Each structure stands twice: as C-alpha cells, then as structure tokens.
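First up is the structure itself, then whatever we jot down about it.
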Amino acid sequence: MPDSVNLVKVFSATKFRHRDALGERVTTWIGAHPGIRIRKAVVSLTSGGKFHCLSIVLLCDEQPDRA
C-alpha cells in the first residue's frame, strides 16, 4: 500500500448555489472512485471584494488493486 500522495483532486466554487452543493460533489466523486484513499482534506474559503471561493482539496493515493 503506498505511503505517499500520488493524486490531488481539487473542487472549488464561487457562486452560492455551487458552494452550497460542493460537499455533495465531493461525496459523489469519492463514491465513484473506490480505489482512492484520502490521506488528507484541506478546506479553504477565500474572499475578495464581491467574490467568495470555497475550495476542497483532497490529497489521495490510488490503490490500483482495489480500483
């Protein structure tokens, strides 16, 4: 089993309705990729003037024997 990150998946959204659904997008992606092990998740919110960007970054490793 690999001990290092070999896959990074980034989800981001700036519009409210997209930010509101971002968690569901992440959950759907995880369910569709059973051979992926999430090693760390980083969530950040950045703001500038009129816009707010929510980002979820998954640091993962692929486990090809389970894919």
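Summary table below
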| read-out | value |
| --- | --- |
| Selection count, the stretch 46-67, where residues are farther than 17 Å from residue 4 by Cα and surrounded by 12 or more Cβ atoms within 10 Å (Cβ to Cβ) | 5 |
| Some residue of the stretch 50-67 being out of contact with any helix residue (DSSP H, G or I) (no Cβ under 8 Å at 6 or more places or on another chain), among the aliphatic types (A, V, I, L, M), modelled with pLDDT of 95 or more and part of a strand (DSSP E or B) | yes |
| The listed residue being outside any helix (DSSP H, G or I), within 30 Å of residue 63 (Cβ to Cβ) and at pLDDT below 95, out of 5, 42, 10 | 5 |
| Contacts under 9 angstrom Cβ, first residue in the stretch 17-45 being within 22 Å of residue 4 (Cα to Cα) and exposed (fewer than 12 other Cβ atoms within 10 Å of the Cβ), partner at pLDDT 95 or above and of a type in the set (A, V, I, L, M), 6 or more apart | 40/57; 40/58; 40/59; 42/56; 42/57; 42/58; 42/59 |
| Residue 47 being at negative phi, modelled with pLDDT of 95 or more and polar (S, T, N, Q) | no |
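The values are calculated or read from the model by the stated rules, or taken from the named source; none is laboratory data. This one's a predicted model, so the numbers in the text were calculated from it and none came from an experiment. Backbone-built Cβ (ideal geometry, glycine too); neighbour counts: all protein chains shown.
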